[in-house]
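Please read the structure below before turning to the comments.
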């Protein structure tokens, strides 16, 4: 899956969650509490390993800092020599708990109380946002394998109420609460460390408490579920998920297994998701980043949040400041900038009205499938530059109600900071500047690049760029094969970005090197560093001139503007006016 596909999957998940929040419940693992200062199962396992090793080998425990890789290797080598469970095996957690505590529940509770003490809790935005969703009634149920009190603490601060957890001692009441719809419901599958029945040892973990499991199964027949911070290491919990999938209507709003990285997802989780898909459940593994990042993005999309609640969730939100601007500089030296002013933006574009309205994610999917010869986005309507006929072809004819001209300049003036508009303009301007040049327009993530075309290397318009990268008046190479990599190629490139500052629009340009195929770029970082390492001021200056000349036809020395157009022969072209002289800055005075 490419980064673009991952971004789209993440956006679709967040959109789906926000639209169906009251029908979505959560399943939290130890990973969700780690950023709040709570240890994961892996952290606890390593701590018990260290304690046992130091006790058996008569070592100073303070000198064995688990933040050092060498210390972990030394400890693991000892356990490997003893024939203990292999590193990262599913048996490690229970094995070392039993090795350390035996069946002594009191000792186990004392140890966990110290590790999971509320004094160690540092509430981050993830738990505060989830607590706020619970308070708003947008999250009705949460299941967790954790013993800590992080969510309870967050709910107390954000909602100023108590969140009572159903755990093993009072598990019978959880199903009753669900049937009576007495929300919110918070269930701890493995108990609460303050009580005797904490499930940590292997015998304990073999079977979930039947009442908690009944509640989970009943809930999974009514709600969709988001899983976060859970590795899938407990066989009994994964068996419970499979039991849920064998019901008549499992996870009606989908099963979303979120992760910080797709590479970290275990085979057990992949198998479970595949099994769910076989059961016709909308089941996906989504790379969302950390629990905090995911909940922060979800919280921003909740329109029903109050300012008071928002302030409690986003305690670190940026506040408006007013810093006086320096006086305009009048002294030397003059610093050349890499920005060209965009003097004219298109006044209009095409628009298509659809019924039902086409959403952003649905539009992106359709565009990726059909790749129409146009630049398209959506605000309240579908906006585009290019041929209206070409755009209509990839849409369902029954949904298209009208095609008309759209007063884009009014929208730009009223909402100049819109990221959707920025992307729309950036795409069109990049297309216009590369049109009919020995260049290819390429995209990496959300960034656009003008890339020298290998097959156009003889075009005389590239001579200035060859001179700029050359040495002592000799022409340099601007495309080639990367040494030692027969199927990886490089080419001089220019990143192009549109920005809005002080009421003016700017095109920011920065020379770079493009690697093809793009997926191999990480393999040749040393080559790229070496290629760019000696591009000092003089050469950088000449390269900037060469690129401006290539894109615009000449480098301006006064207020000279060129006009760049894309889709010029269609009914909705896009024309831009660009000043060919870069912005500059002078040194300010004493008060500047």
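Residues of region 437-472 that are outside any strand (DSSP E or B), more than 20 Å from residue 548 (Cβ to Cβ) and touching a helix residue (DSSP H, G or I) at 6+ places or on another chain (Cβ under 8 Å): 445, 446. Here residue 111 meets each of (1) modelled with pLDDT of 80 or more; (2) crowded, with 22+ Cβ neighbours inside 10 Å with one exception, condition (2). Considering only region 429-436, I want to know if a residue exists there that is assigned to a loop (DSSP other than H, G, I, E, B), modelled with pLDDT under 95, at negative phi and outside the structural domain of residue 386 (by TED's automatic domain parsing). Within region 429-436 (the criterion being assigned to a loop (DSSP other than H, G, I, E, B), modelled with pLDDT under 95, at negative phi and outside the structural domain of residue 386 (by TED's automatic domain parsing)), the answer is yes, since at least one residue qualifies. Residue 562 fulfils the conditions (1) under 26 Å from residue 350 (Cβ atoms); (2) in contact (Cβ under 8 Å) with a residue 60 or more places away in the chain except for a single criterion, (2).
Among residues belonging to region 380-394 that are closer than 21 Å to residue 409 by Cβ and outside any helix (DSSP H, G or I), point out the one that is farthest from the chain's Cα centre (by Cα). Break it down into steps so the answer makes sense when it comes.
Initially, region 380-394 is screened for residues closer than 21 Å to residue 409 by Cβ, giving 380-386, 388, 391.
Now drop any that are not outside any helix (DSSP H, G or I), which leaves 380-386.
Values: 380: 25, 381: 26, 382: 25, 383: 26, 384: 27, 385: 29, 386: 31 Å.
For region 380-394, the residue satisfying everything is 386.
For region 412-422, the criterion of being over 25 Å from residue 500 (Cβ atoms) and in contact (Cβ under 8 Å) with a residue 12 or more places away in the chain is satisfied by no residue at all. When residues in region 283-292 are screened for being in contact with a strand residue (DSSP E or B) (Cβ under 7 Å, 6 or more places away or on another chain) and surrounded by fewer than 17 Cβ atoms within 10 Å (Cβ to Cβ), 0 of them pass.
Is region 517-535 home to any residue that is closer than 18 Å to residue 342 by Cα and crowded, with 18+ Cβ neighbours inside 10 Å? No, region 517-535 contains no residue that is closer than 18 Å to residue 342 by Cα and crowded, with 18+ Cβ neighbours inside 10 Å. The strands (runs of 3 or more DSSP E) found entirely in region 261-357 that carry 3 or more residues being over 25 Å from residue 378 (Cβ atoms) and modelled with pLDDT under 95 are 331-344. For region 43-61, name all the residues that are surrounded by fewer than 18 Cβ atoms within 10 Å (Cβ to Cβ) and without any contact (Cβ under 8 Å) to a residue 40 or more places away in the chain. 43, 54, 55, 56, 57, 58, 59, 60, 61, listed by residue number.
Filtering region 215-241 to residues that are more than 20 Å from residue 268 (Cα to Cα), more than 30 Å from the chain's Cα centre (by Cα) and either buried (at least 20 other Cβ atoms within 10 Å of the Cβ) or modelled with pLDDT under 90 (or both) leaves only 215. The C-beta contact set for region 250-272 (first residue assigned by TED's automatic domain parsing to the domain that holds residue 233 and surrounded by fewer than 18 Cβ atoms within 10 Å (Cβ to Cβ), second residue in a helix (DSSP H, G or I) and at pLDDT below 90, distance under 9 angstrom, 6+ apart or interchain) comprises 260/31; 262/6; 268/235.
The values are calculated or read from the model by the stated rules, or taken from the named source; none is laboratory data. Being a predicted model, the structure only gives us computed values, none of them experimental. Reconstructed Cβ throughout: ideal geometry from the backbone, glycine too, with neighbour counts over all protein chains shown.
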